[in-house]
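Each remark here refers to the structure printed beneath this line.
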Amino acid sequence: KITLGKDNGKTELNIALEKITCKVAIGDDLGKCFGIKMIYFDLDKSNIRHEAALDLEKILDVLKQYPNMKLDIRSHTDSRASFKYNEALSDRRAKSTIAWLVDNGVNPNRLTGKGYGEYQLVNRCTDGVKCTEEEHQQNRRSEFIITDL
């Protein structure tokens, strides 16, 4: 179920997916709306993992239901490599995520993307800090920011 409305001058979209309804607006992370896990990546990899594809199917479903929605794919790395290498790796991750969506029917004009390397870590795991693999994993992700409804 999809409904479109205005709230405080902002266009908002109510989306129901698997009996979940939430309000989203431009600037929101579509994945968080539905409790969709961020699309995580293996160390030093940019390919879409099987479990990530399952979550991407949910993003795909919303994009098919609402053909005017546009997303900015923001991909990230952990801190275990040089800044320069991580920027290139995260850019490959953004492109890989976009390619998966396009290969599954999304018009590429609806998607933008950028790699942010290790500049937006979600935890304390910066260079020189001892962290578990699970903690590093949290930083290897893609986010799905709504840019247009």
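In the stretch 110-134, what residues are surrounded by fewer than 17 Cβ atoms within 10 Å (Cβ to Cβ), within 18 Å of the chain's Cα centre (by Cα) and of a type outside the set (Ser, Thr, Tyr)?
114, 120, 122, 123
Answer yes or no as to whether residue 102 is touching a helix residue (DSSP H, G or I) at 6+ places or on another chain (Cβ under 7 Å), among the aliphatic types (A, V, I, L, M) and either modelled with pLDDT of 95 or more or loosely packed, with under 13 Cβ neighbours inside 10 Å (or both).
Yes; evaluated as a whole, the condition is true for this residue.
Whether any residue in the stretch 32-44 is modelled with pLDDT of 75 or more and more than 21 Å from residue 137 (Cβ to Cβ) is what I want to check.
yes
I'm checking my understanding of the structure. Among residues of the stretch 54-70 that are of a type in the set (A, V, I, L, M) and under 12 Å from the mean Cα position of the chain (by Cα), which one is modelled with the lowest pLDDT?
The qualifying residue modelled with the lowest pLDDT is 56.
Given the conditions (1) touching an Asp or Glu at 6+ places or on another chain (Cβ under 9 Å); (2) touching a residue at least 60 places away in the same chain (Cβ under 8 Å); (3) not basic (Lys, Arg), and given that residue 148 satisfies all but one, which numbered condition is not satisfied?
(1) is the only condition that residue 148 fails.
Which of the residues that make up the stretch 68-95 are of a type in the set (D, E, K, R) and in a helix (DSSP H, G or I)?
84, 87, 91, 92, 93, 95
Inside the stretch 43-67, can you point out the residues that are closer than 22 Å to residue 25 by Cβ and assigned to a loop (DSSP other than H, G, I, E, B)?
Across the stretch 43-67, the qualifying residues are 66, 67.
Identify the residue in the stretch 135-149 that is hydrophobic (A, V, I, L, M, F, W, C) and under 12 Å from residue 74 (Cα atoms) and, among all such residues, is surrounded by the fewest Cβ atoms within 10 Å (Cβ to Cβ).
That would be 145.
Cβ contacts < 7 Å: first residue part of a loop (DSSP other than H, G, I, E, B), restricted to the stretch 126-137; second residue modelled with pLDDT of 90 or more and surrounded by 10 or more Cβ atoms within 10 Å (Cβ to Cβ), any location; separation 6+ or different chain. Result?
So the pair list comes out as 126/79; 127/79; 131/125.
How do the pairs read when you match residues in the stretch 93-115 that are among the aromatic types (Phe, Trp, Tyr) with residues anywhere that are outside any strand (DSSP E or B), using Cβ under 8 Å and keeping only pairs 6 or more apart or on different chains?
100/48; 100/53; 100/56
With the structure loaded, tell me whether residue 112 is outside any loop (DSSP other than H, G, I, E, B), β-branched (Val, Ile, Thr) and modelled with pLDDT under 95 or whether it fails that test.
no
Which count do you get for residues in the stretch 71-93 that are farther than 16 Å from residue 137 by Cα and either crowded, with 22+ Cβ neighbours inside 10 Å or over 12 Å from the mean Cα position of the chain (by Cα) (or both)?
Number of matching residues: 10.
The values are calculated or read from the model by the stated rules, or taken from the named source; none is laboratory data. Keep in mind the model is a prediction, meaning the values are calculated, not measured. Positions of Cβ are generated from backbone atoms using ideal geometry, with glycine treated the same way; all protein chains shown enter the neighbour counts.
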